[in-house]
Amino acid sequence: MEFHKEIRLLAYSLIFIFISSSANAQRCDTYEYFKKHPVTNSLSNSRVTEATKPTRDTISNEVITIPVVIHVLYNNAAQNISDAQILSQLQSLNNDYRKFNTDAANTPRAFAPLAADARIVFCLAKIDASGKATTGIIHKYTSEQSWTADDGMKFSAQDGDNAWDSKRYLNIWVCNLFGRSLGYSSLPGSQADKDGVVIQFDAFGTTGTVTYPFNKGRTATHEIGHWLGLKHLWGDANCGDDGIADTPPQQNFNNGCPSFPHTTSCSINGNGDMFMNFMDFTDDACMNMFSKGQAMKMRSIFATGGARNTFLNSAVCDSNSVQHSAMPVEPAVTKMMISLFPNPAIKFINLESKNSSDLIGKTVKVCNIYGGVVISQLLLTQKTTITIQHLPVGVYFIKIGEGKENKTIRFVKE
Ligand SMILES: [Zn+2]
């Protein structure tokens with residue numbers, strides 16, 4: 001009897017150790033990654049093309065859309081997560097970054113006035129890097145059984161999958177991380193081909209393979225917070241700070257789910273740690289807010305000169321752009337008789353029509369293969385010259401007019 005009890009006790013303590021160690025899975029390796037891969041200047045180490053050239057500043061209150069490409073790398077069936085699981089992650093990201101998360105109601109009253117709608121949303125890319133239609137999801141078999149936080153998954157040559165242009169896409173690699181580490185992110189300004197976030201396959205989304213207590217999509221919310229320039233609340237130092245005014249200094253990270261208030265010798269007042277913030281290490285069900293200061297910080301990197309400014313130009317979630325930008329042939333039905341010459345062209349192109357109503361009063365748009373509008377001009381004469389000298393070499397599409405009355409012409413800039 002006594003013996004059985006001991007066995008049972010032993011079994012319980014083993015289960016307890018197992019549960020604690022799984023609950024204490026390394027929440028985030030971003031700081032360790034950052035120490036090994038310090039950030040260089042974001043704009044100097046990547047080629048600035050016309051499509052990625054900053055053209056405008058953020059507009060106050062605009063909802064910023066971030067196109068996402070998901071690279072699912074699997075070595076067995078469980079790791080090959082379903083598209084439904086991926087969509088559940090997109091949904092929870094869009095809830096968390098718009099403060100549409102239902103558990104926002106759980107933010108303690110003391111911190112509730114600081115909780116922010118960051119006005120950032122995420123969409124699956126609809127146009128791939130070559131201008132073709134895509135689902136924004138890649139499922140790829142790999143011979144690697146697990147990966148360390150050392151970027152192998154970001155390179156096809158290492159049996160991972162290459163990043164898509166990180167000036168236009170947020171790359172998310174979903175794979176099996178060694179030791180069930182949950183994820184890590186590059187910081188703004190990182191090397192372009194390593195830029196993005198990596199998430200453990202069973203901590204991604206809210207359905208399918210996700211495992212309690214990391215089953216509400218908050219690993220991605222947290223890692224993308226880093227990708228948008230946020231630090232951990234405790235600044236990765238004892239009683240450190242994250243540089244954000246409205247998040248209190250914190251002694252260290254919090255695990256599990258403390259009860260409010262959780263104060264330490266570093267607390268500046270009785271409210272203690274903001275452990276329900278997405279940038280702590282608490283369980284998914286315990287997190288429910290970004291602060292207003294964090295939202296401002298994240299939005300600031302989209303402003304002119306910011307590391308993610310080019311995303312304001314990214315039209316790769318717009319399927320209409322697939323049709324008008326990537327269509328290799330001119331529309332078959334058109335009554336408009338417009339000629340474009342020379343083609344290929346170096347410095348300028350001419351548009352001319354025998355019928356004045358074809359051009360005059362219409363807007364002409366020059367689009368790159370990603371659907372981004374690089375020139376927009378109102379036509380006032382029957383023959384118009386458009387300067388293209390400043391455009392990078394490549395294929396472009398000229399679109400004249402709107403609705404049924406439009407014509408698309410492809411031309412090559414040399
Ligand atoms: Zn982190």
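Taking the condition of being on the phi > 0 side of the Ramachandran plot and either among the β-branched types (Val, Ile, Thr) or open to solvent by 20 Å² or more (accessible area, probe 1.4 Å) (or both), how many residues in region 118-165 meet it?
Keep residues of region 118-165 that are on the phi > 0 side of the Ramachandran plot, which gives 119, 131, 136, 151, 159.
With either among the β-branched types (Val, Ile, Thr) or open to solvent by 20 Å² or more (accessible area, probe 1.4 Å) (or both) added as a condition, the list becomes 119, 159.
The qualifying residues number 2.
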(message) Here is a check on your reading of the model: is VAL333 modelled with pLDDT of 85 or more, more than 14 Å from ARG410 (Cα to Cα) and not in a helix (DSSP H, G or I)?
(response) no
(message) I'd like to check something: does region 200-221 contain any residue that is within 12 Å of the ligand (Cβ to nearest atom), in the same structural domain as MET153 (by TED's automatic domain parsing), among the hydrophobic types (A, V, I, L, M, F, W, C) and touching an Asp or Glu at 6+ places or on another chain (Cβ under 7 Å)?
(response) no
(message) Can you say whether GLY225 is over 22 Å from ALA84 (Cα atoms) and open to solvent by less than 20 Å² (accessible area, probe 1.4 Å), as far as the supplied structure shows?
(response) yes
(message) Please go through region 228-250 and give me each residue that is in contact with a Lys or Arg (Cβ under 7 Å, 6 or more places away or on another chain) and open to solvent by 40 Å² or more (accessible area, probe 1.4 Å), ordered by number.
(response) GLY243
(message) So PHE253 ticks every box in (1) within 12 Å of the ligand (Cβ to nearest atom); (2) crowded, with 21+ Cβ neighbours inside 10 Å but one. Which box is left unticked?
(response) (2)
(request) Output yes when any residue across region 182-194 is outside any helix (DSSP H, G or I), open to solvent by 30 Å² or more (accessible area, probe 1.4 Å) and closer than 24 Å to ALA84 by Cβ, and no when none is. (result) no
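Which residue is surrounded by the most Cβ atoms within 10 Å (Cβ to Cβ), if the candidates are limited to region 60-75 and must be among the β-branched types (Val, Ile, Thr) and in contact with a helix residue (DSSP H, G or I) (Cβ under 9 Å, 6 or more places away or on another chain)?
Let us first name the residues in region 60-75 that are among the β-branched types (Val, Ile, Thr), namely 63-66, 68-70, 72.
From the residues that got through so far, the ones that are in contact with a helix residue (DSSP H, G or I) (Cβ under 9 Å, 6 or more places away or on another chain) too are 64-66, 68, 70, 72.
Numbers: ILE64: 19, THR65: 17, ILE66: 22, VAL68: 26, ILE70: 24, VAL72: 24.
Only one residue tops the list, namely VAL68.
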(request) Name the one entry in MET276, MET287, MET298 that is within 20 Å of VAL121 (Cβ to Cβ), in contact with a Ser or Thr (Cβ under 8 Å, 6 or more places away or on another chain) and modelled with pLDDT of 95 or more. (result) MET287
(message) Out of the residues in region 290-315 meeting the condition of being open to solvent by less than 10 Å² (accessible area, probe 1.4 Å) and within 16 Å of the ligand (Cβ to nearest atom), tell me which one is nearest to ILE369 (Cα to Cα).
(response) MET298
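Quick check: is even one residue across region 152-160 within 16 Å of the ligand (Cβ to nearest atom) and modelled with pLDDT of 95 or more? Please lay out each step first, then the result.
Our first condition is that a residue be within 16 Å of the ligand (Cβ to nearest atom); within region 152-160, this holds for none.
No; the residues of region 152-160 include none that is within 16 Å of the ligand (Cβ to nearest atom) and modelled with pLDDT of 95 or more.
The values are calculated or read from the model by the stated rules, or taken from the named source; none is laboratory data. If you're wondering where the values come from, they're calculated on a predicted model, not measured in any experiment. Note: ideal-geometry Cβ built from the backbone for every residue, glycine included; neighbour counts use all protein chains shown. In case anyone asks, the SASA skips ligands and DNA or RNA and just uses the protein heavy atoms, side chains included. Shrake-Rupley method; radii C 1.70, N 1.55, O 1.52, S 1.80 Å.
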